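Coordinate-derived values only; no laboratory data. Here the structure is a predicted model, which is why all the values come from computation and not from measurement. Reconstructed Cβ throughout: ideal geometry from the backbone, glycine too, with neighbour counts over all protein chains shown.
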Amino acid sequence: MANLQKPKFVYMRGGLRSWDDAVLHIGCEAVTRGLNVFEGIKGYWQPDGHFGIVMLRSHYERLQRSGRLLHIPFDTEYEEYKRVIHELIGTLVEPDRDMWARTTLFVVEGHWGEDTVADLVVTAYHQDKVPPPAISLGVSTWRRSVDVALPARIKTSTNYQVARLARIEGRAHGYQDMVLLNQSGRVAEATGSCILMVRKGVVYTPPATEGALESITLDPIDALAHSMGIPFTRRPIDRTELLVADEIGLCGTLAELTLVHSIEGLSLSRESTILRMLQTRYLEAVRGVAPHPAVDLSLLPPRTPSQFSQLRPSLTS
Ligand code: PMP
């Protein structure tokens, strides 16, 4: 699991620090109220030796939107955001291993929205280059919050409390991930990804107004489907539609396009013909094997094997 690793370096308080030095004070609102907004970002090795970070500007823009909605100031320019992510990933990256990075704005000073100060923290973890295996999916009794309570549009860790409860519930029933319904009982999303459903050759996904995060991965998947002549539609999805779907998939930065082999214990077609084609095409695009204009890659310069062993990052004290 990506989040169980303890990478050597973290970007925090304006520089690279050791993992053990990356701590927050117990008195700050990031700790006392879970006040933060964040982004999960994926990077892949490219065939020509570059390392490509997927849709970086879209992640920056969503971080800005989340910060704005929670009144967390974020005045870092895109170029600086990109520079620090490149710096940390460039320091930690290993030959032939992909990476997942998390950029978080933690509220380190301020009280109840007054004098709020946030620190941009970046962590990055290694990922093995394997396509995600198919999973079993359940439907949780826990529900996504409404836009006037805890908006799904804000990517903040407090929004994942219900996702955690859903996963605990799912584990007890043998499900690997769970669908969260919205307050109207329709499909919102999974615990850390969006839902794709195929019926009669059309791919459907609920719009963000159904209680889903505004997914970044959905846009390139939509564009790839369009290029492949696969109809792709955003519209509400009933719970029972999932149970009679031809195919189901999960879509997100980390989930990439994960196929689902059963829903609530009911088997789905093992072939997943349409979603498997989309999965293959998406992975080809992010890995630079078959680039697509909708899949934007922010490239780190190529590096020779000896440059890996010579790397000695300078730590900030
Ligand atoms: N919904 C939730 C709850 C998520 O955590 C994620 C992953 N960030 C997604 C959807 C998919 O969003 P994205 O495509 O931007 O990764």
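By the count of other C-beta atoms within 10 Å, a proxy for reagent exposure, Cys251, Cys194, Cys28 are ordered fewest to most as Cys28, Cys194, Cys251.
Between Arg303 and Asp147, the distance separating the two model label sites (each 7 Å from Cα on the Cα→Cβ line) works out to 4.3 nm. Across the stretch 1-132, C-alpha contacts under 8 Å between residues 6 or more apart give a mean separation that, scaled by the residue count, equals a relative contact order of 33 percent. Counting other Cβ atoms within 10 Å as a rough exposure proxy, the listed residues Arg17, Arg68 run Arg68, Arg17 from fewest neighbours to most. Reported value for the chain: 132 Å³ per residue, from the convex hull of its C-alpha atoms. Placing +1 on each Lys and Arg Cβ and -1 on each Asp and Glu Cβ, with no other charges, gives the chain a dipole about its Cα centre of roughly 460 debye. Averaging over all projection directions, the Cα-based convex hull of the stretch 50-91 occupies 3.2 nm² in the image plane. Over the stretch 1-40, Cα pairs under 8 Å with separation of 6+ residues give a relative contact order of 21 percent.
Between the amide H of Val37 and those of Leu105, distances stay under 5 Å, these residues lying 5 or more places away or on another chain, with hydrogens modeled in the peptide plane.
As a proxy for reagent exposure, Leu4, Leu88 were ordered by neighbouring Cβ count within 10 angstrom, fewest first; the result is Leu4, Leu88.
Over the stretch 177-317, the fraction of Cα-Cα pairs per 5 Å bin, rounded to whole percents and listed from the shortest bin up, is 2, 9, 18, 20, 17, 10, 7, 5, 5, 4, 2, 0. The lysine pair count for the chain, using Cα distances under 30 Å and pairs eight or more places apart or on different chains, is 14.
Using every pair of separate Cα atoms, the Kirkwood estimate puts the hydrodynamic radius of the stretch 87-134 at 13.2 angstrom. At an R0 of 25 angstrom, the distance between the Cβ atoms of Ile168 and Ser267 translates into a FRET efficiency of 0.55.
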